[in-house]
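The values are calculated or read from the model by the stated rules, or taken from the named source; none is laboratory data. Quantities reported herein were computed from a predicted structural model and do not represent experimental measurements. Here the Cβ positions follow ideal geometry from the backbone for every residue, glycine too, while neighbour counts run over all protein chains shown.
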Amino acid sequence: MGEVTGQITQSKHLVTYLKKSGSTLNLPYAVIQECETRWNSKAAMLSSIAKQHREIRELLKEKGQEHRMEGIQVEVLTTISEFLSLFRDASEDMEGDRYPTLNTVLLWRHRLGAHCEPRFQDPDYMRHIRSRASELLNEKFIITSTHKIATFLSPRFKSLKVLSHEENIAVQMEARALTTALIPTLQAQSEEVIQGKTEAITSNHI
């Protein structure tokens with residue numbers, strides 16, 4: 001992990017220099033400074049360097065500052081930023097405020113879990129990253145029956161293919177039980193509404 005930490009530190013220093021020197025004006029894309037309070041800014045920073053590393057290196061060479069790219073391995077930056085990009089997508093999707101999000105939580109948890117599984121071609125640093133990310137998912141990203149039922153009730157996802165057959169059956173049974181328990185409450189509310197309308201009509205005719 002020391003290799004990754006070093007890449008991130010070097011990238012921070014590089015972005016700081018580019019911004020303070022005004023060099024960003026001569027680049028095709030903006031370089032992103034990491035914000036300590038926003039985890040996804042780290043991925044954005046690494047990506048902003050990787051996708052224009054040739055232009056950055058040429059710019060530094062013209063200024064006699066090429067040494068500022070020393071130690072930065074573009075392949076490492078690209079690999080890490082691509083890995084983190086799915087977490088960014090998940091975060092943005094589940095933070096949406098114009099559509100239901102509860103029904104997507106289970107699917108994202110399943111997808112992120114698969115994303116963290118080791119790959120045969122992974123270098124050592126990516127094995128460590130995937131392993132640590134998997135540990136954090138298991139610790140922090142807890143799926144409850146509420147998430148499963150929300151997915152089941154969504155027409156798009158009700159087949160629940162991410163669950164085992166046994167889990168699927170259990171969720172269906174729990175959803176039916178909750179629906180049955182709600183029926184008396186819904187009936188009472190409906191009767192109150194009807195009674196209120198009836199009384200209003202009656203009072204208008206008196």
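Do you know which of the residues in segment 75-95 that are over 11 Å from the mean Cα position of the chain (by Cα) and not hydrophobic (A, V, I, L, M, F, W, C) is farthest from Asn40 (Cα to Cα)?
Going through the qualifying residues, I end up with Glu75.
Run Phe141 past the list (1) within 18 Å of the chain's Cα centre (by Cα); (2) farther than 25 Å from Arg119 by Cβ; (3) aromatic (Phe, Trp, Tyr) and report the number of the one that doesn't hold.
With (1) within 18 Å of the chain's Cα centre (by Cα); (2) farther than 25 Å from Arg119 by Cβ; (3) aromatic (Phe, Trp, Tyr) applied to Phe141, the lone miss is (2).
Test of understanding: among His115, His67, which residue is within 13 Å of the chain's Cα centre (by Cα) and either free of Cβ contacts under 8 Å to residues at least 24 places away in the same chain or under 30 Å from Lys161 (Cβ atoms) (or both)?
Working: His67 fails: within 13 Å of the chain's Cα centre (by Cα).
Result: His115 is the single residue among His115, His67 that is within 13 Å of the chain's Cα centre (by Cα) and either free of Cβ contacts under 8 Å to residues at least 24 places away in the same chain or under 30 Å from Lys161 (Cβ atoms) (or both).
How about segment 144-187: which of its residues are aromatic (Phe, Trp, Tyr) and touching a residue at least 40 places away in the same chain (Cβ under 8 Å)?
Just the residues of segment 144-187 that are aromatic (Phe, Trp, Tyr), to begin with: 152, 157.
Passing the criteria: only Phe157.
For the structure I just gave you, tell me whether Thr16 is in a helix (DSSP H, G or I), buried (at least 18 other Cβ atoms within 10 Å of the Cβ) and at pLDDT 90 or above. So that I can check it myself, show each step before the final result.
Values: in a helix (DSSP H, G or I): yes; buried (at least 18 other Cβ atoms within 10 Å of the Cβ): no; at pLDDT 90 or above: yes.
Judged against the criteria, Thr16 is not a match.
Could you check segment 103-135 and list, in sequence order, the residues that are among the basic types (Lys, Arg), touching a helix residue (DSSP H, G or I) at 6+ places or on another chain (Cβ under 9 Å) and farther than 26 Å from Ser145 by Cα? First the steps, then the outcome.
Narrowing segment 103-135 to residues among the basic types (Lys, Arg): 109, 111, 119, 127, 130, 132.
When the remaining residues are screened for being touching a helix residue (DSSP H, G or I) at 6+ places or on another chain (Cβ under 9 Å), the result is 109, 111, 119, 130.
The answer is Arg119, Arg130.
Provide a single number: the residues in segment 137-182 that are at negative phi, assigned to a loop (DSSP other than H, G, I, E, B) and either of a type in the set (Val, Ile, Thr) or modelled with pLDDT under 85 (or both). Outline the logic, then answer.
Step one: list which residues in segment 137-182 are at negative phi, which gives 137-159, 161-182.
Right, trim to assigned to a loop (DSSP other than H, G, I, E, B) and you get 141-144, 154-159, 161-164.
Add one more test, that the residue is either of a type in the set (Val, Ile, Thr) or modelled with pLDDT under 85 (or both), and what stays is 142-144, 154-159, 161-164.
Result for segment 137-182: 13.
Do we have Ser41 as free of Cβ contacts under 8 Å to residues at least 40 places away in the same chain, within 17 Å of Glu82 (Cα to Cα) and in a helix (DSSP H, G or I) here? Before the answer, list the steps.
Working: free of Cβ contacts under 8 Å to residues at least 40 places away in the same chain: yes; within 17 Å of Glu82 (Cα to Cα): yes; in a helix (DSSP H, G or I): yes.
Considered against the rule, which asks whether it is free of Cβ contacts under 8 Å to residues at least 40 places away in the same chain, within 17 Å of Glu82 (Cα to Cα) and in a helix (DSSP H, G or I), Ser41 comes out as yes.
Kindly indicate whether Glu82 is farther than 24 Å from Glu135 by Cα, surrounded by fewer than 15 Cβ atoms within 10 Å (Cβ to Cβ) and in contact with a helix residue (DSSP H, G or I) (Cβ under 9 Å, 6 or more places away or on another chain).
Values: farther than 24 Å from Glu135 by Cα: no; surrounded by fewer than 15 Cβ atoms within 10 Å (Cβ to Cβ): yes; in contact with a helix residue (DSSP H, G or I) (Cβ under 9 Å, 6 or more places away or on another chain): yes.
No: the conditions fail for Glu82.
From Gln10, Gln52, Gln33, grab the single residue that is touching a Phe, Trp or Tyr at 6+ places or on another chain (Cβ under 6 Å), polar (S, T, N, Q) and surrounded by 13 or more Cβ atoms within 10 Å (Cβ to Cβ).
On the way: Gln10 fails: touching a Phe, Trp or Tyr at 6+ places or on another chain (Cβ under 6 Å); Gln33 fails: touching a Phe, Trp or Tyr at 6+ places or on another chain (Cβ under 6 Å).
Matching residue, one of Gln10, Gln52, Gln33: Gln52.
Does at least one position in segment 114-128 carry a residue that is surrounded by 14 or more Cβ atoms within 10 Å (Cβ to Cβ) and small (Gly, Ala, Ser)?
Of all residues in segment 114-128, those surrounded by 14 or more Cβ atoms within 10 Å (Cβ to Cβ) come to 115-116, 122, 125-126, 128.
From what's left, small (Gly, Ala, Ser): none.
There is no residue in segment 114-128 that is surrounded by 14 or more Cβ atoms within 10 Å (Cβ to Cβ) and small (Gly, Ala, Ser).
Would segment 91-102 turn up any residue that is crowded, with 17+ Cβ neighbours inside 10 Å and in contact with a helix residue (DSSP H, G or I) (Cβ under 7 Å, 6 or more places away or on another chain)?
Checked against the condition, which is being crowded, with 17+ Cβ neighbours inside 10 Å and in contact with a helix residue (DSSP H, G or I) (Cβ under 7 Å, 6 or more places away or on another chain), segment 91-102 yields no hits at all.
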